[in-house]
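Enquirer: If you scroll down you'll find the structure; I have some questions about it.
The values are calculated or read from the model by the stated rules, or taken from the named source; none is laboratory data. Owing to the predicted nature of the structure, the values given are computational and were not obtained by experimental measurement. In this analysis, Cβ positions are derived from the backbone assuming ideal geometry, glycine residues included, and neighbour counts consider all displayed protein chains.
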Amino acid sequence: MSNYHPLNEAEAIRIAKSIAGIFSAEGELVCSEIGDGNLNLVFHVTQPSTGAGVIVKQALPYAKVVGESWPLTLDRARIESEALRIEGRHAPGLVPEVYYTDHELALTVMEDLSSHVIMRRGLIEGGVYPKFADDISEFLARTLFFTSDLGMNQQEKKTLAASFSNPELCKITEDLIFDHPYTDADTNSFDDHLKEEAALLWSDQELHLEVALLREKFLTHAQALLHGDLHTGSIFITPDSTKIIDPEFAYFGPMGFDIGAVLANLLLNFASQEHWSDNDSARQARRAYLIETVRDIWTGFERKFRALWDAHGVDRIARTAGYQDDYMQRLLQDSVGFAGSKMVRRIVGLAHVADIDKIPEPAVRGQAQVIALAIGKSLIKNNRKLTSIEQLIDIAESAAVR
Ligand code: SR1
Ligand code: MG
């Protein structure tokens, strides 16, 4: 019989205490449950006398954002801890250290990152992160390259992919990103003024065709081990450090899904500047910073991914002239299409983003939503035509000046 039960704070302290080398033998430990995500319990255990701490994260057998009526596999805790270990090997320093896992209790004890802030909150508060583009492009290039058929043994990759079979979490994405926003689904949620915009999403056949093609890639294209939910709420940050957390949606899928997730969340914050900037010139400067970050992420990613390929490519036929260029172009197009899909779902689907939802004045919030939807739809519709990151930037900038 399973030993699983949701932990209380005293149990989280007991588990944290058993991790060697973190806490001093003297000195009390204190704990608070700080989980504000959609799915899990997160205990922060600290020792005030030494300042030491750990995070004890436990999966619940249901989606917290909806309640017990939405059961969800506990195996996602195993997937998350194994993904963190693989990501940590390929991109050292860019994920929290895993100290201990218990698959039966669906828990992972990991490095305390409380010196960092959740990037979504940091961006809302106007934070500037000069190292971010370099760090995230490094993370993306290395984790995606070294878990793909370009960078690892192709038979071992198939075995690894089987251990990352993650059907329930993938189904959440398949429904919430690639289906429900395009029909009148019960899970959708949007402000009243968006009714007409939503109805357009439900009937736009040109859009549906692109979404169907992107959905097909998500369902079938086991290109590399993805983080699977790489939004700015899955990133802890300071001006000089980036830590990517929460890979419970990890599976072998299309690389552009991770790249697009990062770009989408920067663009959602870009749209939200209707409110968060005090005046027009502050808004322009903030948007310019976000656009620069988007550009640096793609160019950094492309440069690093190509360099890894040239230096460590395992596949002879992949060195054929022209193949790398073709591959990179398809990666850009996938990233653009997935970025658009991620933006649309955050406006009309289940689970929105604070950047936009926390805008207090309905009219300003509405304007930000309209900008985000316009960018999202245009990225989806144009994804297969784009040949440069500058075209994505043009789409975002023109939506903001309408
Ligand atoms: C039911 S889970 C809703 C969303 O939260 C996660 O962070 C994923 O983005 C998922 O789609
Ligand atoms: Mg998460």
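Enquirer: Any residue in the range 381-402 that is surrounded by 17 or more Cβ atoms within 10 Å (Cβ to Cβ) sitting within a Cβ distance under 6 Å of a residue that is among the small types (G, A, S)? List the pairs, counting only those 6 or more apart or interchain.
Expert: N383/G337; I395/S378; A399/A374
Enquirer: Take residues that are touching a residue at least 12 places away in the same chain (Cβ under 8 Å), of a type outside the set (D, E, K, R) and more than 15 Å from ligand 2 (Cβ to nearest atom) and tell me which of the strands (runs of 3 or more DSSP E) falling wholly in the range 28-104 contain 1 or more.
Expert: 30-33, 40-47, 52-59, 98-102
Enquirer: Could you list all residues from the range 209-232 that are within 19 Å of G340 (Cβ to Cβ), under 17 Å from the mean Cα position of the chain (by Cα) and either small (G, A, S) or within 16 Å of ligand 2 (Cβ to nearest atom) (or both)?
Expert: If the condition is that a residue be within 19 Å of G340 (Cβ to Cβ), under 17 Å from the mean Cα position of the chain (by Cα) and either small (G, A, S) or within 16 Å of ligand 2 (Cβ to nearest atom) (or both), then L226, H227, G228, D229, L230, H231, T232 are the ones that fit.
Enquirer: Scan the range 242-255 and report the pairs whose first residue is outside the structural domain of A63 (by TED's automatic domain parsing) and whose second residue is in a strand (DSSP E or B) and away from ligand 2 (no atom under 14 Å from the Cβ), with Cβ atoms within less than 7 Å and a gap of 6+ or a chain change.
Expert: Going by the 7 Å Cβ cut-off, the qualifying pairs are A250/L225; F252/A224; F252/L225; M255/A224.
Enquirer: Looking at R287 and the list (1) touching a Phe, Trp or Tyr at 6+ places or on another chain (Cβ under 6 Å); (2) on the phi > 0 side of the Ramachandran plot, which single condition is not satisfied?
Expert: With respect to (1) touching a Phe, Trp or Tyr at 6+ places or on another chain (Cβ under 6 Å); (2) on the phi > 0 side of the Ramachandran plot, R287 is out only on (2).
Enquirer: A further question on this structure: Looking only at residues in the range 46-98 that are among the hydroxyl-bearing types (S, T, Y) and surrounded by fewer than 18 Cβ atoms within 10 Å (Cβ to Cβ), which one is farthest from ligand 1 (Cβ to nearest atom)?
Expert: Out of the qualifying residues, it is S49.
Enquirer: For the range 42-82, which residues satisfy the criterion of being under 21 Å from the mean Cα position of the chain (by Cα) and within 14 Å of V98 (Cα to Cα)?
Expert: Result: I55, V56, K57, Q58, A77, R78, I79, E80, S81, E82.
Enquirer: Something else: Identify the residue in the range 144-159 that is among the polar types (S, T, N, Q) and out of contact with any Leu (no Cβ under 7 Å at 6 or more places or on another chain) and, among all such residues, is farthest from V314 (Cα to Cα).
Expert: T159
Enquirer: Could you tell me which numbered condition I237 fails, if it satisfies all but one of (1) away from ligand 2 (no atom under 11 Å from the Cβ); (2) touching a Ser or Thr at 6+ places or on another chain (Cβ under 9 Å); (3) aliphatic (A, V, I, L, M)?
Expert: The single condition I237 does not satisfy is (2).
Enquirer: Output the residues belonging to the range 328-354 that are of a type outside the set (K, R), closer than 19 Å to E274 by Cβ and within 16 Å of ligand 2 (Cβ to nearest atom).
Expert: Within the range 328-354, H352, V353, A354 qualify.
Enquirer: Given I237, I259, which one is touching a Gly at 6+ places or on another chain (Cβ under 7 Å) and either in a helix (DSSP H, G or I) or under 21 Å from R85 (Cα atoms) (or both)?
Expert: Going through I237, I259 in turn, just one is touching a Gly at 6+ places or on another chain (Cβ under 7 Å) and either in a helix (DSSP H, G or I) or under 21 Å from R85 (Cα atoms) (or both): I237.
Enquirer: Pick from D149, D134, D175: which is over 15 Å from the mean Cα position of the chain (by Cα), within 30 Å of Q205 (Cα to Cα) and modelled with pLDDT of 95 or more?
Expert: D175
Enquirer: Just give me the residues in the range 213-234 being within 13 Å of ligand 1 (Cβ to nearest atom) and not in a helix (DSSP H, G or I), in sequence order. Write out each step before concluding.
Expert: Taking the range 213-234 as the starting set, the residues that turn out to be within 13 Å of ligand 1 (Cβ to nearest atom) are 218, 226-234.
Scanning the range 213-234 gives L226, H227, G228, D229, L230, H231.
Enquirer: Sticking with this one: Scan the range 210-223 and report the pairs whose first residue is more than 11 Å from Y182 (Cβ to Cβ) and whose second residue is acidic (D, E) and surrounded by fewer than 20 Cβ atoms within 10 Å (Cβ to Cβ), with Cβ atoms within less than 7 Å and a gap of 6+ or a chain change.
Expert: Going by the 7 Å Cβ cut-off, the qualifying pairs are F218/E174; L219/E174.
Enquirer: Conditions first: (1) part of a helix (DSSP H, G or I); (2) touching a residue at least 40 places away in the same chain (Cβ under 8 Å); (3) under 25 Å from L226 (Cα atoms). H352 passes all but one, so which condition is the exception?
Expert: (1)
Enquirer: On to the next question. Which number in (1) surrounded by 22 or more Cβ atoms within 10 Å (Cβ to Cβ); (2) more than 16 Å from ligand 2 (Cβ to nearest atom); (3) under 27 Å from R365 (Cβ atoms) marks the one condition that P254 misses?
Expert: It fails just one condition, (3).
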